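What follows is a short report on a single structure.
The values are calculated or read from the model by the stated rules, or taken from the named source; none is laboratory data. All values reported here derive from a predicted model rather than from experimental measurement. FYI the Cβ positions are ideal-geometry reconstructions off the backbone, even for glycines, and counts take in every protein chain you see.
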Amino acid sequence: MYKILAVALAGLLLQTSYSWSQTPQTLEPIIVTATKVETPIREVASSVTVISQDKIANKQAATVLDVLRDVPGLDVVRTGGTGQQTSIFLRGANSSHTLVLIDGIEVNDPSNPSRSFDFSSLSTDNIERIEIVRGPGSTLYGSDALGGVIHIITRKGAGPTRVMLSGEGGSYETHQEKLSISGGTDFINYSLVASFLETEGISAANEKDGNKERDGYDRRSVTARLGLTPTNNFDLDFFFRYLDADTDLDNFGGAFGDDPNNVLDSKSIFFRTQARLLVAELWEQKLGISLTDHDRKNRNDTDTANPVDTTRTSYDSRLYKIDWQHNLYLHPSNTLTIGTEYEKEQAKSRDYRTYLDWFSGLPTSSLNEFNKKTAETIGYYIQDQIKLGQDFITTVGLRADDHNRFGTRLTYRITSSYFIRQTGTRLKGTYGTAFKAPTLAQLYENSAWVTGNLDLSPEKSRGWDIGVEQYLLDDRFILGATYFENRFEDLINTPYNPATFKYEWQNVDRALTKGVELTASIRPLKDLTLATSYTFTDTEDRATGKELVRRPRHKYNVNIGYRFLDRGNVNFDVIYVGKRDDVANVKLDSYTVFNLGASFEINEYVSLTGRVENLFDEDYEEVDGFGMPGIGGYIGAQISL
């Protein structure tokens, strides 16, 4: 029934597109991530999505991963309920192939075996917008951006000081409290949000397999931004974000998934200071210093599900980065960007276990660790943006990354866009290459099951896309279609080595991903917006000929937003994810989830919010053996002082 309703909603979009009223045009979104220069989104040839703070507020989304679920070409996979490990697959690339930035800070975890970023604890606090760039991004961002870049940008304070208190409660004994302060003048701007979330959650291991123990989660977070503008051509910004989360974990699903004493404590600190200087409106310099700090500790004591094994595992990492960017505005039709970056990462891990030896029956212990290891990279890049008239725009970029272990790697990217004014049609295309250096864990890991390999080579990719956008009825009706293709080589995996009786990191895999992204946005009335997207993704492991796991071939979503009485807003979301493979040749069923969010401003000081997640109580899995929450309702209030 749910699929029929979703199809009916898609049909409603087409029917409504014929009934138009006069609607004022809105300012065109600006994107920075695609070119590292503020650029109107219509002048960017790359496949991009910009999610505004208004869209986040309308959805009533509490986490970034919930905002990302309906992005074309992007798949979200979570191992259970709130706070459980979350992975992102961008255009079928591995979860480790997406570079994640927060206010220009690279937040991928160097102590993670694949150096990916776990979105499970990232809230929507103080976010101004989220920029997603699909396709190889190493030319501007170096290692890790094989599949694309996700950039989260914090809100800048403005106007008189404003203090807001908010609270929310609902299903699964969930409650959240939040305090925010913001304001600004011509000289100073500031914004700060502190929040606390706690939930009893669901069993991460699927309840249908007999698992009943609920896996709770609590999170404390602080995000802050401070800016100084002493002169018209100079400004200085400071960014800070702190995350502290405790998560109850389960085993890898199945009937023995419950694990009452398995707890993960994770802390992260992200900091950046950035200075910008504009000389004679021709030369813009940006100098930034960033710090990323991750600390994860996993404690698993003996219990009825785990009567003989106690583990203490810890992962610690730091990433230091200095970047210096120069934008030369040589001519209104030509912007040259030159930059250099220095990056130093360090990580260490420790895995201590006590257990009963199977053969002797005596207590014993084992310690597997690698002490602090480091890697350094210096990158140099150049990019030229060229406009021929107002309609043809192209960028050409080249980058060299000098890694202290793997030497120099070259990457490049070419993009072009042509706008046909007579028909409102834009043609665009990109081609680029990317690489990902082996992680410190892949080089030095020494766990009970996996060993590192100092002979690894960087992973490589090359990808291209071509697309068309059609603007109709004063931009109230926009259609888009893009074909993409990416080839990956020397992918790193862990085949079993019988000589050592362990798994070992090796360059053994090749992969191909290709597909189509279709989008449509419609504004038939001033207060009504409708949007839909569909993504077809075809993936192949070139060694086995099989599809890559957890990547659906079909995904679509429908979003309807309506504002009423100039005070209230209702947002309705439909997300369909098709069948996909999982490990051990398991086939996961398709599912459709409906979400509803609403808000109402009682007056200028008080507003009410509410949302219903999984409105029709769909029973589904994103990872085999791990359940997802059923229907859940949440209500809240916000007071502005």
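Condition check ((1) modelled with pLDDT under 95; (2) in a strand (DSSP E or B); (3) surrounded by 16 or more Cβ atoms within 10 Å (Cβ to Cβ)) across all residues:
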{"site": "Ala499", "(1), (2), (3)": "yes, no, no"}
{"site": "Thr519", "(1), (2), (3)": "no, yes, yes"}
{"site": "Pro524", "(1), (2), (3)": "yes, yes, yes"}
{"site": "Thr529", "(1), (2), (3)": "no, yes, yes"}
{"site": "Thr535", "(1), (2), (3)": "no, yes, yes"}
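Taking the stretch 403-428 on its own, how many of its residues are surrounded by fewer than 19 Cβ atoms within 10 Å (Cβ to Cβ) and either small (Gly, Ala, Ser) or in a loop (DSSP other than H, G, I, E, B) (or both)? Of the residues in the stretch 403-428, 9 are surrounded by fewer than 19 Cβ atoms within 10 Å (Cβ to Cβ) and either small (Gly, Ala, Ser) or in a loop (DSSP other than H, G, I, E, B) (or both). A count restricted to the stretch 539-572 and to residues that are closer than 22 Å to Asp465 by Cα and either free of Cβ contacts under 8 Å to residues at least 60 places away in the same chain or out of contact with any strand residue (DSSP E or B) (no Cβ under 9 Å at 6 or more places or on another chain) (or both) stands at 6.
Can you tell which of Phe536, Phe626 is under 25 Å from the mean Cα position of the chain (by Cα) and closer than 17 Å to Asp70 by Cα? Quick ask: steps written out before the conclusion?
Values: Phe626 fails: closer than 17 Å to Asp70 by Cα.
Going through Phe536, Phe626 in turn, the sole match is Phe536.
Scanning the stretch 588-602 for residues that are surrounded by fewer than 16 Cβ atoms within 10 Å (Cβ to Cβ) and either of a type in the set (A, V, I, L, M, F, W, C) or at pLDDT below 95 (or both) turns up Phe600, Ile602. The criterion of being basic (Lys, Arg), farther than 30 Å from Ile56 by Cα and either at pLDDT 95 or above or in a strand (DSSP E or B) (or both) holds for Arg487. Does at least one position in the stretch 107-121 carry a residue that is modelled with pLDDT of 95 or more and in a strand (DSSP E or B)? No, there is no match, as no residue in the stretch 107-121 is modelled with pLDDT of 95 or more and in a strand (DSSP E or B).
Test Gln385 against the criterion of being crowded, with 17+ Cβ neighbours inside 10 Å and farther than 30 Å from Ser111 by Cβ, and give yes or no. Can you show your working first?
Numbers: crowded, with 17+ Cβ neighbours inside 10 Å: yes; farther than 30 Å from Ser111 by Cβ: yes.
Here the answer is yes, as Gln385 does meet what is asked.
The residue that is farthest from the chain's Cα centre (by Cα), among those in the stretch 345-365 that are farther than 21 Å from Gln442 by Cβ and assigned to a strand (DSSP E or B), is Pro363.
Filtering the stretch 158-183 down to residues that are among the aliphatic types (A, V, I, L, M) and under 22 Å from Asp235 (Cβ atoms), which residue is surrounded by the most Cβ atoms within 10 Å (Cβ to Cβ)? Filtering first and then ranking leaves Ile181.
Within the stretch 203-235, count every residue that is β-branched (Val, Ile, Thr), in contact with an Asp or Glu (Cβ under 7 Å, 6 or more places away or on another chain) and more than 22 Å from Ile639 (Cβ to Cβ). Walk me through how you get there before you give the answer.
Filtering the stretch 203-235 down to residues β-branched (Val, Ile, Thr) leaves 222-223, 229, 231.
Add one more test, that the residue is in contact with an Asp or Glu (Cβ under 7 Å, 6 or more places away or on another chain), and what stays is 223, 229.
Filter once more, so that each one left must be more than 22 Å from Ile639 (Cβ to Cβ): 229.
So the answer is 1.
Conditions (1) within 13 Å of the chain's Cα centre (by Cα); (2) touching a residue at least 12 places away in the same chain (Cβ under 8 Å); (3) part of a strand (DSSP E or B), marked per residue:
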{"position": "Val50", "(1), (2), (3)": "yes, yes, yes"}
{"position": "Asp54", "(1), (2), (3)": "no, no, no"}
{"position": "Ala61", "(1), (2), (3)": "no, yes, no"}
{"position": "Leu65", "(1), (2), (3)": "yes, yes, no"}
{"position": "Asp70", "(1), (2), (3)": "yes, yes, no"}
{"position": "Gln84", "(1), (2), (3)": "no, yes, no"}
{"position": "Ile88", "(1), (2), (3)": "yes, yes, yes"}
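Those residues that are among the hydrophobic types (A, V, I, L, M, F, W, C) and farther than 13 Å from Lys348 by Cβ, I need them from the stretch 430-457; list them, please. Ala434, Phe435, Ala437, Ala448, Trp449, Val450, Leu454, Leu456 - these are the residues of the stretch 430-457 that are among the hydrophobic types (A, V, I, L, M, F, W, C) and farther than 13 Å from Lys348 by Cβ.
Can you tell me which residue among Lys286, Lys267 is farther than 30 Å from Thr311 by Cα, within 28 Å of the chain's Cα centre (by Cα) and of a type in the set (Lys, Arg)?
Exactly one residue qualifies, and that residue is Lys286.
For Asp566, the criteria (1) at pLDDT 95 or above; (2) closer than 21 Å to Ile522 by Cα; (3) not polar (S, T, N, Q) hold in every case but one, which is (1).
Within the stretch 296-313, the set of residues being assigned to a loop (DSSP other than H, G, I, E, B) and buried (at least 16 other Cβ atoms within 10 Å of the Cβ) comprises just one member, Ala305.
Return the only residue of Ser317, Ser365 being buried (at least 16 other Cβ atoms within 10 Å of the Cβ), among the hydroxyl-bearing types (Ser, Thr, Tyr) and at negative phi. Talk me through it step by step, then tell me what you get.
Numbers: Ser365 fails: buried (at least 16 other Cβ atoms within 10 Å of the Cβ).
It is Ser317.
Considering the stretch 337-362, the residues that are surrounded by fewer than 17 Cβ atoms within 10 Å (Cβ to Cβ) and among the hydrophobic types (A, V, I, L, M, F, W, C) include one that is nearest to Leu282 (Cα to Cα), namely Ile338.
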